[in-house]
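Below: one structure, written as structure tokens.
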Amino acid sequence: MTTTSTDEIIDTLSFFENWEERYKYMIDLGKSLPELPDTLKTDDKLVIGCQSKVWITPEFNDGKFHFQVDSDAYIVRGLLAIVMAAYDNKTPQQIVDFDIENYFSQLDLVKHLSPTRGNGLKAMVEKIISMAKEQL
């Protein structure tokens, strides 16, 4: 998966003057993600704690994680793209060490999400960090 970098996302979101424009950008980021084949949309890949359906399929090759992700909601696909900028194609140690709270703070993201979306975002991050810790 080719993702936009965290710095690019932070810079781009800072250009938008309102959250409606930011949400549109996030949805566009989500649309850029490749669709997950239905054969990989299995219950064991579902993220528990998300209001929408979210699937995260990890591959671990050459010491790095590569993720295939998908959701049935456009805005959540955008959130997945933002998360993938932080975690895709990274080593387990890089994933564990990445300051995701600071990243979200720079995006001014969490306070602009509904509580259920915020909980889902947290569940995505926790699942990925858990996968990384299993490889350490």
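Among (1) closer than 20 Å to Thr6 by Cα; (2) in contact with a Leu (Cβ under 9 Å, 6 or more places away or on another chain), which single condition is Pro34 missing?
Tallying (1) closer than 20 Å to Thr6 by Cα; (2) in contact with a Leu (Cβ under 9 Å, 6 or more places away or on another chain), Pro34 fails exactly one: (2).
Quick one: which residue in Ala85, Ala81, Ala73 is under 18 Å from Lys41 (Cβ atoms), touching a residue at least 60 places away in the same chain (Cβ under 8 Å) and surrounded by 16 or more Cβ atoms within 10 Å (Cβ to Cβ)?
Going through Ala85, Ala81, Ala73 in turn, the sole match is Ala81.
Working only within the range 88-107, note down all residues that are under 15 Å from Gly63 (Cα atoms), in contact (Cβ under 8 Å) with a residue 24 or more places away in the chain and not charged (D, E, K, R).
Of everything in the range 88-107, those that are under 15 Å from Gly63 (Cα atoms), in contact (Cβ under 8 Å) with a residue 24 or more places away in the chain and not charged (D, E, K, R) turn out to be Asn89, Thr91, Pro92, Gln93, Ile95, Val96.
Do you know which residues across the range 51-66 are touching a Pro at 6+ places or on another chain (Cβ under 9 Å) and crowded, with 20+ Cβ neighbours inside 10 Å?
Phe65
Quick test of your reading of the structure: Ile27 fulfils all but one of (1) in contact with a Phe, Trp or Tyr (Cβ under 8 Å, 6 or more places away or on another chain); (2) not in a helix (DSSP H, G or I). Name the failing condition by number.
With respect to (1) in contact with a Phe, Trp or Tyr (Cβ under 8 Å, 6 or more places away or on another chain); (2) not in a helix (DSSP H, G or I), Ile27 is out only on (2).
Being touching a residue at least 40 places away in the same chain (Cβ under 8 Å) and either loosely packed, with under 13 Cβ neighbours inside 10 Å or within 15 Å of Lys127 (Cα to Cα) (or both) is the filter here, so list the residues in the range 29-50 that pass it.
Answer for the range 29-50, where residues must be touching a residue at least 40 places away in the same chain (Cβ under 8 Å) and either loosely packed, with under 13 Cβ neighbours inside 10 Å or within 15 Å of Lys127 (Cα to Cα) (or both): Lys31, Val47, Ile48, Gly49, Cys50.
Answer with yes or no whether Thr6 is at pLDDT 95 or above, polar (S, T, N, Q) and surrounded by 14 or more Cβ atoms within 10 Å (Cβ to Cβ).
yes
Looking at Gln51, Gln68, Gln106, which one is closer than 24 Å to Ser5 by Cβ and over 12 Å from the mean Cα position of the chain (by Cα)?
The unique qualifying residue is Gln106.
The values are calculated or read from the model by the stated rules, or taken from the named source; none is laboratory data. All values derive from a computational prediction rather than experimental measurement. So basically every Cβ, Gly included, is an ideal-geometry build from the backbone, and we count neighbours across all protein chains shown.
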